[in-house]
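What follows is one structure encoded as structure tokens, with my remarks underneath.
The values are calculated or read from the model by the stated rules, or taken from the named source; none is laboratory data. Model, not experiment: these values are computed from the prediction. Please note: Cβ atoms are built from the backbone with ideal geometry, for glycine as well, and neighbour counts cover all protein chains shown.
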Amino acid sequence: MPGSRFYVVNDRPVAVVPTAEGGADCVVFDFATGELVPDRSYFGYVTPGSGRDVDLLTEAEFEVRLAASRAEAGARAAGQVRDWARQLCAATGAATGAAADVAAALGFAGAAPAGDTVTVDPPPPGYREMTVTSSRGRRASATLRPAGRLLTRDVLDAGLGPGRELPILPDSWDEGHVAYRVAVPGVPGQCLVSARFRSGAAAQIRLAAED
């Protein structure tokens, strides 16, 4: 918006933007979601004499910095999905098969089980929801719903390898449905990672152990 001011504060992109009411708001880059979110505490950080490492940027410089931060955060988020897929593949062979055991193997020991499904509460940073489903005689799976738009098709392709197209269900509003396979050396089976894309990024990601 006209009248905005752009900064980098300790390597975090920050913008002060005018509001419709005539005031100003402060938005900062969220490394977990890739979005710019309100955080008025940064008004103090961009004030001269705050003691923070602050650089004033032009709008073009800010856009370049924002794109670089999103690329870095996206690569990290895709790497986390890959790690969870590998842990799920390994846990399915080692755990007793209960959802709570699989969730613990993924690093969520505090999650509360409800039958064959565990809801991770709070969900991992960058996600609105995460559930883990498993029972004896069934292969484990985990479903994630990202809170932002970091995990685009390009980002997941770079982190997980080329994917293959899956059918899109009628009336699903999906723009794409893509499957990736993640294997763990020395562990039998693999993990199928399927992503459903909406608004240019993954809206739901499902990890499922396979033989």
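Below, the figures for the structure above:
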{"quantity": "Per-region count, the stretch 1-39, residues among the charged types (D, E, K, R), over 18 Å from Ala67 (Cα atoms) and in contact with a Lys or Arg (Cβ under 9 Å, 6 or more places away or on another chain)", "calculated": "1"}
{"quantity": "In the stretch 57-102, residue modelled with the lowest pLDDT [restricted to those that are surrounded by fewer than 18 Cβ atoms within 10 Å (Cβ to Cβ) and of a type in the set (Ser, Thr, Tyr)]", "calculated": "Thr96"}
{"quantity": "Index of the failed condition, Gly51 passing every other in (1) assigned to a helix (DSSP H, G or I); (2) under 22 Å from Val9 (Cα atoms)", "calculated": "(1)"}
{"quantity": "Failed condition for Ala32, given (1) of a type in the set (A, V, I, L, M, F, W, C); (2) crowded, with 16+ Cβ neighbours inside 10 Å; (3) free of Cβ contacts under 8 Å to residues at least 60 places away in the same chain", "calculated": "(3)"}
{"quantity": "Residues that are over 16 Å from Gln87 (Cβ atoms), part of a loop (DSSP other than H, G, I, E, B) and at pLDDT 70 or above, drawn from the stretch 110-134", "calculated": "Gly115, Asp116, Asp121, Pro122, Pro123, Pro125, Gly126"}
{"quantity": "Yes/no for Pro13 being free of Cβ contacts under 8 Å to residues at least 60 places away in the same chain and either among the polar types (S, T, N, Q) or surrounded by fewer than 18 Cβ atoms within 10 Å (Cβ to Cβ) (or both)", "calculated": "no"}
{"quantity": "Count of the stretch 1-16 residues which are over 26 Å from the mean Cα position of the chain (by Cα) and either at positive phi or not charged (D, E, K, R) (or both)", "calculated": "4"}
{"quantity": "Qualifying residues in the stretch 54-92 (those that are in a helix (DSSP H, G or I) and among the polar types (S, T, N, Q)) - the one farthest from Leu192 (Cα to Cα)", "calculated": "Ser69"}
{"quantity": "For Val64: the one exception among (1) in the same structural domain as Gly161 (by TED's automatic domain parsing); (2) more than 29 Å from Pro123 (Cβ to Cβ)", "calculated": "(1)"}
{"quantity": "Options Gly148, Gly107; residue that is loosely packed, with under 15 Cβ neighbours inside 10 Å, part of a loop (DSSP other than H, G, I, E, B) and either on the phi > 0 side of the Ramachandran plot or of a type outside the set (A, V, I, L, M, F, W, C) (or both)", "calculated": "Gly107"}
{"quantity": "Given (1) modelled with pLDDT under 85; (2) closer than 16 Å to Leu150 by Cα; (3) among the hydrophobic types (A, V, I, L, M, F, W, C), index of the condition Ala202 fails", "calculated": "(1)"}
{"quantity": "Residue list for the stretch 151-174, restricted to those being within 21 Å of the chain's Cα centre (by Cα), surrounded by 14 or more Cβ atoms within 10 Å (Cβ to Cβ) and assigned to a loop (DSSP other than H, G, I, E, B)", "calculated": "Leu151, Thr152, Gly163, Asp174"}
